[in-house]
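What follows draws every value from the coordinates through simple rules; no lab data is involved. Keep in mind that what you see is a predicted model, and the values were worked out from it rather than measured. Neighbour counts are summed over all protein chains in view; Cβ atoms, including those assigned to glycine, are modelled from backbone coordinates with ideal geometry.
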Amino acid sequence: MYVKALLKELEETNTGNYDIAQEATHHGPYLDKPAFFAEIGSNEEHWPNPELGRTMAETLLKILTNPVREGKTIVALGGPHYLPNFTAKLEHTEYAVGHACPKHSISGLTKELLQQAIDRTIPRPEMVLLDWKGLGPNKDLIRKLTEACPVPVERLERFR
């Protein structure tokens, strides 16, 4: 829920017309403690910008020192790296994306990795949500991986 709170707060305070997005999981699963990553931009042009650094630091301090609204989480599968379809669909709901595996990484997904994504999402995800159109040629693999999924599996376009 912290990532959703961070994204919402950054959107509300965005004075520089910067793109704000949630990225797919790509820093792990090597951590033993709950964590999330907040990045400033995706290239060296953004990283040394003191205004962006100050905004990110102040926003992180605000969300980490105040209660975060409770909600429900999902594990997201499919779509592009910056999760625009999930972000748009979940923006005005109580749901937040925990772990996410984009289309370009689906071929490396295993049942064990999917189980880790479910087990390491806090709070425990209510479902696995599929960007069905955004799975590309990986639909058969996803069907096999989610056959015995411990949480419900739904398609994004059918999600309400």
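Quick look at the numbers
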| read-out | value |
| --- | --- |
| Placed amide H near ARG155: partners under 5 Å, 5+ positions off or other chain | LEU130 |
| Residues ARG124, ARG54 arranged by fewest to most Cβ contacts within 10 Å | ARG54, ARG124 |
| Placed amide H near ALA76: partners under 5 Å, 5+ positions off or other chain | GLY98, HIS99, ALA100, CYS101, LEU129 |
| Solution diffusion estimate, µm²/s, Stokes-Einstein, the chain, Kirkwood Rh from C-alpha pairs, 37 °C, viscosity 0.692 mPa s | 199 |
| Fewest-first ranking of TRP47, TRP132, using other Cβ atoms within 10 Å as the exposure measure | TRP47, TRP132 |
| Residue of LEU113, LEU129, LEU61 that the Gaussian network model of the chain assigns the largest fluctuation, springs spanning Cα pairs under 10 Å | LEU61 |
| Calculated FRET efficiency for the pair LEU61/ALA88, C-beta based, R₀ 30 Å, to 0.05 | 0.60 |
| Amide H partners (placed H, <5 Å) of TYR95, local residues excluded | LYS72 |
| Whichever lysines have a C-alpha closer than 23 Å to that of LYS8, once near sequence neighbours (fewer than 8 apart) are set aside | LYS62, LYS72, LYS89 |
| Span per principal axis, largest first, for the Cα atoms of segment 72-158 (Å) | 30, 24, 21 |
| Cα-projected label distance for VAL68 with ILE122, points at 7 Å along beta-carbon direction, nm | 0.9 |
| Using θ = phi - 60° and Karplus 6.51 cos²θ - 1.76 cosθ + 1.60, couplings along segment 134-139 (whole Hz; Gly, Pro as x) | x, 8, x, x, 9, 4 |
| √(5λ) per eigenvalue of the Cα gyration tensor, segment 36-120, largest first, Å | 26, 19, 13 |
| Extension gain (nm, one decimal) between ASN43 and HIS104, 0.36 nm per residue minus Cα-Cα | 20.0 nm |
| Cubic angstrom per residue, convex hull over Cα atoms of segment 2-64 | 99 |
